[in-house]
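Report on the following structure.
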Amino acid sequence: MLMQTHEARISALREEMKRQKLDGFVVPISDEHMSEYVGAYAQRLQWLTGFAGSAGSAIILRHKAAMFVDGRYTIQVREQVDGTLYEYASTLETDHAKWLVAHIEAGARIGYDAWLHTKKWVDTLGAALARKGAELVAVERNPVDAVWSDQPAPSPAPAVIHSDEHAGQSSAEKRAGVADWLKSENIDAAVISALDSIAWMLNIRGNDVDRTPVALSYLVANADGTADLYIAPEKVTPALEQHLGNAVTIKPREQFTAGLSEMSGKTVAVDPEFGVAAIFQKLADGGASPVAMRDPAILPKAIKNPVERQGHRDAQARDGAAIAKFLHWLSCEPSKGGQTELSAAAKLRSFRDETGVLKDQSFDTISAAGPHGALCHYRVDEDSNLEIAPGSVFLCDSGGQYLDGTTDITRTVWISGDGDTAEPPAEVRDRYTRVLKGHIQIARAVFPQGTNGSQLDAFARQYLWEAGVDYAHGTGHGVGSFLAVHEGPQRIAKAQGGQAGTGQELFAGMILSNEPGYYKTGEFGIRIENLVLVEERDIAHSEGTYLGFENLTWAPMARHMLEQSLLTPQEIQWWNDYHAQTFSVLAPQLDGDVLAWLEDACQPI
């Protein structure tokens, strides 16, 4: 019999914990590759708690449990997770170690799955528990898996070739670059466990994780340019074998652990962010010397080559036409009543499908009406679906996966109503304009080589700070090329808490989002997002190399939501230039009523 309630599921987990002699167990959103988005088989936290966000974790004790989320999910977790079963813990205020130390006794055994956590997490928590007289225990079998009777199997979909035409560089060239790095560092091999790194390095893609075109596998890259790919046999086609060639040895995924044990005497690089604790342990147990070093594919993957840059431009222009059709639809239909968050998301998907080349969405569309807009990572379903009411704010964050690029765009609009609700109120116009001003500051930024994302973050927040408000997410994240919509190592965010990527130097060729926002709990949310490409700037008499951003995303912004008195002449000029270019890029792809709407939406202010 299937367990239908989360109360029944946590009870069953506690019974399994007793059988495994555990006093507690930590459940993350993660897989064996430390992926941000995971396959259905790895959605353990959602199955157990009901939480559908992309970042969070739970700790289950015998008589108490806590759900941990960051500022993005403060509201959402309370809507989705039963507060009688879990207390809500903010990762800004506490962490696993502090919470456990406060709630366990000496002698407690706290379980974890070594394939779902980093070595740093294990070392830090283990040390904290030891000081309490407790023990962190690696389980033989994940107790959630033991009680999840209808847990899906990992995807059997075959891996597919990503052509050099779109990749811009052959797999052999990429492997040679990694081999050169290994030799320069006096390292024998690197374990590549991040799925998008494997996909990039081998020029392959897959269908194993929703919205991210990767194939479940592991890769060991050797200093001589060869590699061992561990992948399920059913995923391997003759075409894939031919594509990979003789320098890549294909082995069954289930042999990966044994392969680690056979690297005795070798010095092996493992990324501490994506390499799970079990990989470090298996290497050490087998006589290898694991060294915590960044995945050598991370940085070259982030710095797009000329083919990838042009592919992104083409994908963004194509995607922008679909967005224009959607924005035109939003300007007409919801005001009549009867449209919902789900119907809007479906309509947007249909416009992207009309391109004929859409492979997938790049993430689940955030179609957020009214108060749901204040949930910055909201995901609509049948239970949460709201009408897009006339006289309200509607926020839509969406993206597409195309062979030549991955897109991510947010637009916020006012759904006109009757009488006083025909136009947005003053507060909405003020907040929208302050968000826009921050967006413009990032778009116009010029900075010296060596600048990192945290040094730019305040550019986007300053006008919100002037009004005594802020937003609880980063300003920008990296984006892949027909890969992950969230790609490191670069990001634009506050430097607090040692957030990954904020100290990464920005290089020409990196792609980032530019997405400041504002969220008023229970009422509305505002976000304006474009993708930008880091480029070198030719500045007369400059002393050194300076960088700026090339805009990639083209779609009208909401002129009717502006408080124009807050804009400087330079900002007005930016708005007009942006919309003139938007019309130039999109108009040749549109006709009829949509083209007429676009022409009006792009008129100068």
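The values are calculated or read from the model by the stated rules, or taken from the named source; none is laboratory data. Keep in mind that what you see is a predicted model, and the values were worked out from it rather than measured. Methodologically, a virtual Cβ is constructed for each residue, glycine included, from the backbone with ideal geometry; neighbour enumeration extends over all protein chains shown. The area values use the complete protein model at the heavy-atom level, side chains included, leaving out ligands, DNA and RNA. Shrake-Rupley method; radii C 1.70, N 1.55, O 1.52, S 1.80 Å.
Out of the DSSP beta bridges found with both residues in region 202-295, what percent are antiparallel (nearest 5)?
Details: 6 of 14 bridges.
Here the share of antiparallel DSSP bridges comes out near 45 percent.
Which value, in debye to the nearest 20, describes the size of the charge dipole of region 248-292 about its Cα centre when Lys and Arg Cβ atoms bear +1, Asp and Glu Cβ atoms bear -1, and nothing else is charged? Don't skip to the end; give the middle numbers.
Working: 4 positive and 5 negative charges, 26 e Å.
Using Cβ point charges on Lys, Arg, Asp and Glu, region 248-292 gives about 120 debye.
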Positive dipole terminus of region 19-152, leading residue within M67, A134, S57 (C-beta point charges): A134
Separation of alpha-carbon centers, region 420-494 and region 240-262, rounded to whole Å: 43
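What's the local net charge at A467, with K and R +1, D and E -1, over the other residues with C-beta under 15 Å away? Spell out each step's value before the answer.
Details: positive: R429, R431, R434, K437, R461, K520; negative: E427, D430, E466, D470, E563.
After counting each charged neighbour, the total is +1.
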Accessible area of K174 in the full protein assembly, 1.4 Å probe (Å², nearest 10): 10
Residue-averaged 222 nm ellipticity for the chain, from DSSP H runs of 4+ at -39500 (n - 2.57), nearest 500: -10500 deg cm²/dmol
Cα-based shape type of region 129-229, given that a ≥ b ≥ c are square roots of the gyration tensor eigenvalues and the cut on a/c is 1.5: oblate
Derived scalar couplings ³J(HN,Hα) [region 533-545; Karplus, 6.51 cos²θ - 1.76 cosθ + 1.60; whole Hz; x for Gly, Pro]: 10, 5, 9, 6, 10, 8, 10, 4, 6, 5, 9, x, 8
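Sort K119, K251 by heavy-atom solvent-accessible area, probe 1.4 angstrom, most to least. Spell out each step's value before the answer.
On the way: K119 85, K251 60 Å².
The ordering from most to least exposed comes out as K119, K251.
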Solvent accessible area, Å² - W574, 1.4 Å probe, full protein context: 40
For D23, net neighbour charge (Lys/Arg +1, Asp/Glu -1) across residues whose Cβ lies under 14 Å away: +4
Helix 426-443 axis, angle to the chain major axis (alpha carbon atoms, nearest 10°): 70
Rounded to 5, the percent of DSSP beta bridges in the chain classed as antiparallel: 75
Dipole moment magnitude, nearest 20 debye, region 369-475 about Cα centre, only Lys, Arg, Asp, Glu C-beta charged: 580
Reachable lysines from K251, criterion Cα separation under 21 angstrom, eight or more residues apart if same chain: K174, K235, K266, K282
Cα-based Lys proximity count in region 8-166, under 19 Å, for pairs eight or more positions apart or on separate chains: 9
Student exercise, the chain dipole from Lys, Arg, Asp, Glu Cβ charges, in Debye to nearest 20: 1180
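Which order do D210, D600 take when ranked by solvent-accessible area (1.4 Å probe, heavy atoms of all protein chains), largest first?
Working: D210 115, D600 85 Å².
Reading off the accessible areas and sorting them downward yields D210, D600.
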Those lysines that a straight Cα-Cα span of less than 21 Å connects to K347, excepting residues fewer than 8 apart in one chain: K325, K336, K359
Net charge contributed by nearby residues that have their C-beta within less than 15 Å of E79 (K/R +1, D/E -1): -2
Heavy-atom accessible surface of the chain: percent carbon and sulfur, 1.4 Å: 48
